[in-house]
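Have a look at the structure below, then the notes.
Only the coordinates and a few stated rules stand behind these numbers; no lab work does. Please read all numbers here as calculations on a predicted model, not as lab measurements. We place every Cβ from the backbone using ideal geometry, glycine too, and count neighbours over all the protein chains shown.
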Amino acid sequence: MATSTATVGGGCFWCTEAVFLELEGVSGVQSGYAGGAVPNPTYEQVCTGRTGHAEVIQITYDPEVISYADLLRVFFATHDPTTLNRQGNDVGTQYRSTILTESEEQATVAHEVLAEIDARGIWGGRIVTTIEPLTVFYPAEPEHDNYYARNPFAGYCRVIVAPKVAKVRKEFTDRLRRKAVA
């Protein structure tokens, strides 16, 4: 199986990781940081909003099973791309909506999907998601891996993450995984 990667930021990476782990063709999701100026930032540094990084996830997927465009459609459906530097109660540049592309082909597809979502008017506002080249991805600390799966009863997970996962299960039933992530 040949795999590809996609890197997106749509607020807290605990939410986005949980969403994409639901999808068939996704073999892994790594939480991390990108788009900033500080090398090897820590969670504590990124949370200050002063490093310039966004909380992002890097999705490893099989493009024969799920396309990059479909990953982006899920991305746009599961966070509010019209709020600048904010997702719900999470406020700051580290929570910005961003697509970090690894190739010109990914950039083209990202612009096409953004235009498609914007034309549908489902968000009722101007989409502020940035599309920019990925320069470097820094994996987050191990305690952020599989956060929702390890903490399903934590308040944040019940109130914020669970509804996003439920939305994916309802709206993307044809894309849900049939087997567990290894």
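Brief remarks on what is shown
- Per-residue ellipticity at 222 nm from helix content only, as computed over the chain with -39500 (n - 2.57) for each DSSP H run of at least four residues, stands at -8500 deg cm²/dmol.
- When exposed loop sites are taken as trypsin sites (Lys or Arg not before Pro) in a DSSP loop with at most 12 other Cβ atoms within 10 Å, the longest stretch of the chain clear of them is 1-125.
- Neighbour-count ranking [beta-carbon atoms within 10 angstrom, fewest first] of Ser67, Ser103: Ser103, Ser67
- Surrounding net charge for Thr129, when Lys and Arg each add one and Asp and Glu each subtract one, Cβ distance under 12 Å: -1
- Protection-proxy order for peptides 5-15, 104-114, each taking the mean of Cβ atoms within 10 Å per residue, highest first: 5-15, 104-114
- Relative contact order of segment 1-155, pairs being alpha-carbon contacts under 8 Å that are 6 or more residues apart, as %: 32
- Among 31-38, 136-143, the peptide with the highest mean count of other Cβ atoms within 10 Å heads the list, and the full ranking is 31-38, 136-143.
- Using only side-chain charges placed at the Cβ, +1 for Lys and Arg and -1 for Asp and Glu, the dipole size of the chain relative to its Cα centre rounds to 680 debye.
- FRET efficiency, 1/(1 + (r/R0)^6) with R0 30 Å, evaluated for Thr48 and Arg169 via beta carbons: 0.30
- For Arg158 and Glu112, the FRET efficiency from 1/(1 + (r/R0)^6), where r spans their Cβ atoms and R0 equals 25 Å, is about 0.10.
- Extreme residue, positive dipole direction of the chain, given options Gln30, Ile57, Asn85 (C-beta unit charges): Asn85
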